[in-house]
1. Go through (1) surrounded by fewer than 17 Cβ atoms within 10 Å (Cβ to Cβ); (2) in contact with a strand residue (DSSP E or B) (Cβ under 6 Å, 6 or more places away or on another chain); (3) of a type in the set (S, T, N, Q) and name the single condition residue 30 misses.
2. Could you list all residues from segment 65-95 that are out of contact with any Pro (no Cβ under 8 Å at 6 or more places or on another chain), assigned to a helix (DSSP H, G or I) and either touching a residue at least 24 places away in the same chain (Cβ under 8 Å) or closer than 17 Å to residue 55 by Cα (or both)?
3. Could you tell me how many of the residues in segment 98-130 are within 19 Å of residue 29 (Cα to Cα), part of a helix (DSSP H, G or I), of a type in the set (S, T, N, Q) and in contact (Cβ under 8 Å) with a residue 24 or more places away in the chain?
4. Does residue 89 qualify as being in contact with a Ser or Thr (Cβ under 8 Å, 6 or more places away or on another chain) and aliphatic (A, V, I, L, M)?
5. Checking residue 40 against (1) in a helix (DSSP H, G or I); (2) modelled with pLDDT under 95; (3) over 23 Å from residue 134 (Cα atoms), which single condition isn't satisfied?
6. Only one of 116, 108, 22 is crowded, with 17+ Cβ neighbours inside 10 Å and at pLDDT 95 or above; which?
7. Quick check on my filter: what residues within segment 75-93 are under 14 Å from residue 120 (Cα atoms) and crowded, with 20+ Cβ neighbours inside 10 Å?
Amino acid sequence: MKLICGPKGFGKTKIIMGDLNEIAKTAKGNVVFIADKAVSSVGIDFSVRCIYTEEYGISDVATFEGFVKGLMAGNRDIEYLFIDGLLRIVNKPLSEIADVFATLKQLEESTGVNVEFTVSCAIENLPEYVKEYL
């Protein structure tokens, strides 16, 4: 798993989009991008599957985890999963979502899917459990 973090306005979305567009050129499997709103889709390679959580009523941890697990179970061809704005999607502060990181790590290990995500938080304010993903 790879974490992109920084304060609001740092350019995290631009970084993750650059990463996913680069990966989309060579990926053998599917590339999936999850964000809270469709506004994030400008400039994304047409081969990337974009999913917007507001369209599916995803706004908490349990719904998000269930959605991602269902996505993985329904499509074993996913090679990369990019998540922009994890904290906005689950509506929780970083200090309260260690279980989400554990779920994503477990899914990455069991399915082989590469996970990259962004959170709005300065590096010095990251909880210890998150630092391994920098």
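1. It is condition (1) that residue 30 fails.
2. Correct list: 65, 66, 67, 68, 69, 70, 71, 72, 86, 88, 89, 90.
3. So the answer is 1.
4. On the way: in contact with a Ser or Thr (Cβ under 8 Å, 6 or more places away or on another chain): yes; aliphatic (A, V, I, L, M): yes.
Yes, satisfied.
5. Failed condition: (3).
6. Matching residue, one of 116, 108, 22: 116.
7. Result: 83, 84, 85, 86, 89, 90.
The values are calculated or read from the model by the stated rules, or taken from the named source; none is laboratory data. Keep in mind it's a predicted model, so treat the numbers as computed, not measured. Every residue, glycine as well, gets a Cβ built from its backbone with ideal geometry; the counts of neighbours run over all protein chains shown.
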